[in-house]
Amino acid sequence: FFLVANNIKDEKQLEKIILFLILAGIIESLISLSLFTFNPKQVLNDDRLKGTCSHPIFLGEIMGILICFAISSLVFGKNKIISIVGIILMLTTLVLTLSRGAWLALIISVIFIGIIENKKVLLAGLLIVLIAISSYLIFPNINFSKRIKSITSIENQANTERIYMWKNGMRIIKDYPF
């Protein structure tokens, strides 16, 4: 935060940085989707796209953040076409990571930006939902419904560990509130 706040001099410089981030997201998406298309075993982790990252969650987090930049650029910036291409590619990549937390974070971020900044962002959110649905139709071999249903499954080891961590966190907060 302080690096950005202290070094960005004007709005034009900020727009260049955001454009660079969107282009980096487009490049990562193209690499990930190309690897997925031509050598799926190399980039899949439990049928989840991980691209050039070590784990699908990392790729999902990166895509979610960069999609927010692309949406903001689409609504407020000058690079509309690059923003639209970026949103489509990065969202497709995000959907294929099957990272539920990244999906949820993106939805909440878009709603928050839409409420705070501009109602046009909510329209961009609708675009996100349409792309997500089309990704589901384009890649029918990926078991999206299994991944969504596993959110509440206690038999899923990751969920069991997460509940255990939440309980321990609550105990710590109870013991040391401040």
Exercise. Considering only protein heavy atoms, what is the solvent-accessible area of L74 at a probe of 1.4 Å, reported in Å² to the nearest 10?
Worked result: 40 Å²
Problem set entry | Overall form of segment 1-42 per C-alpha gyration tensor (a/c, 1.5; a/b vs b/c) | prolate
Problem set entry | Net +/- balance of residues flanking C68 in space, Cβ distance below 12 Å, scoring K and R +1, D and E -1 | -2
Seminar exercise, completed: Per its Cα gyration tensor (rounded if a/c is under 1.5, else prolate when a/b beats b/c, else oblate), segment 73-114 is best filed as oblate
For this session: For L49, list long-range residues whose amide hydrogen, built 1.01 Å from N in the peptide plane, is under 5 Å from its own amide hydrogen.
Result: T97, L98
Seminar exercise, completed: Expected vector for segment 88-99, Karplus 3J(HN,Hα) from phi with 6.51, -1.76, 1.60 and θ = phi - 60°, integer Hz, x for Gly and Pro, equals 4, 5, 5, 5, 4, 4, 4, 4, 6, 6, 6, 8
Exercise. Going by average Cβ neighbours within 10 Å, how do the peptides 12-19, 153-160 rank, with the highest at the top?
Worked result: 12-19, 153-160
Problem set entry | Which of L23, L98 is most accessible, then next, and so on - probe 1.4 Å | L23, L98
Seminar exercise, completed: Surrounding charge for L23, neighbours by C-beta under 13 angstrom, Lys/Arg +1, Asp/Glu -1, total -1
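The values are calculated or read from the model by the stated rules, or taken from the named source; none is laboratory data. Computed from a prediction, not measured in an experiment: that's the story for all the values here. Reconstructed Cβ throughout: ideal geometry from the backbone, glycine too, with neighbour counts over all protein chains shown. Only protein heavy atoms, including side chains, enter the accessible area calculation; ligands, DNA and RNA are left aside. Shrake-Rupley method; radii C 1.70, N 1.55, O 1.52, S 1.80 Å.
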